[in-house]
Ligand code: SIN
Ligand code: CO
């Protein structure tokens, strides 16, 4: 997909916490987070007045046909059965647009299209560590993915056409069996609305929902937020910490007595294992560092293009695929951690928060910080943006 390369400022300010936003139906981000985030749904009529799709149907389908783009097609067949196929999806492998009750879902469109990445910036009143991706669905009349629940927080923005949403605070999360999708067995909707272009619905995790295209075809944009799973995160961190932590101490048991229960695990081994794990956790900085690396790891199949232009000290903006975060002592970018303090740390934090720096800031950076920026430029993680002046 050739992404629209419209000019845009290098720096993107996140929404201010106390400014009422049309995007949130007149609530400030602070009010929204307190009242709704992870708690209860919010329907916002005309969250984005006059909103028009950032990709047309042909562009979306072209994206779904590409290697390295995650896409799915879901077709509801005449007998009511569901058929699921995974991308890349060639247009000719899909039903005609006029055939009712089918849908195409393209995941991570923000990684491929600058304008979509920019749309997501409006949701940065939520920490970047939680932001996952923007999925676009196209559905023919009657199309949808069936009643289900997600483990993600999601903003469902109606981009074109109309969608009938039904939602419920479902207790019974039993899924239908023998279906290639996660579909609820007993969906009990409590509220329903028809969303038109520019309308948006926020849903916390585990709320059951079902959205069906009505009055023709429709497109919906889902801004999704990831929530790490405790066990999975712990496993990933333990692996990283163990890799970093050189510990080749061998278990010793000079006091072992002769045993008549040779299959029993010696108690000393359990203590040894516990001690090993505790040592991994003893260094809080190393834990923070591993967490930042995990959180900024690029998604599978993401690659960066080397720049055609040579590095020159000037304004920069992060590539749309770059993940950048920081903690008190480190800067994390695309799975790598750098220690930073003082003025350089402030500069790098600004780069992460605003996803760009103006020329003056870059020129005043230390030689070390400039060298890092040059490396990141050469890796395709950030780009020169000569049209940007000061703030
Ligand atoms: C869709 O856009 O069809 C599905 C979005 C969702 O239900 O999460
Ligand atoms: Co959903």
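General remarks:
- Annotation: peptides 257-264, 40-47, 113-120, 360-367, ranked by per-residue average of other Cβ atoms within 10 Å with the highest first, follow the order 113-120, 40-47, 360-367, 257-264.
- For the stretch 316-384: rounded, prolate or oblate by the Cα gyration tensor [a/c cutoff 1.5]: rounded
- Peptides 328-339, 228-239 ordered by average Cβ neighbours within 10 Å, highest first: 328-339, 228-239
- Rough spin-label spacing in nm, given labels placed 7 Å along Cα→Cβ, for residue 279 and residue 250: 1.5
- Full extension of the chain between residue 151 and residue 242 gives 29.8 nm of extra length, using 0.36 nm per residue less the Cα-Cα distance.
- Taking the number of Cβ atoms within 10 Å of each Cβ as an exposure proxy, the fewest-first ranking of 222, 151, 137 is 151, 222, 137.
- Highest average packing first - 70-81, 267-278, 157-168, Cβ atoms within 10 Å: 157-168, 70-81, 267-278
- Those residues of the stretch 172-193 whose amide nitrogen sits under 13 Å from the label point placed on residue 214, 7 Å along Cα→Cβ: 191-193
- FRET efficiency, 1/(1 + (r/R0)^6) with R0 25 Å, evaluated for residue 301 and residue 172 via beta carbons: 0.10
- Extension gain, residue 188 to residue 259: 0.36 nm times the residue separation minus the Cα-Cα distance gives 19.4 nm.
- Cα shape, the stretch 91-145, gyration tensor, a/c 1.5 rule: prolate
- Relative contact order %, the chain, counting alpha carbon pairs below 8 Å whose residues are six or more apart: 16
- Annotation: the residues 138, 37, sorted from fewest to most other C-beta atoms within 10 Å of their own C-beta, follow the order 37, 138.
Here, each number is a calculation from the coordinates, and none is a lab measurement. Computed from a predicted model, the values in this text were never measured in an experiment. For neighbour counting, all protein chains shown are included, and Cβ atoms are generated from backbone atoms with ideal geometry for every residue, glycine included.
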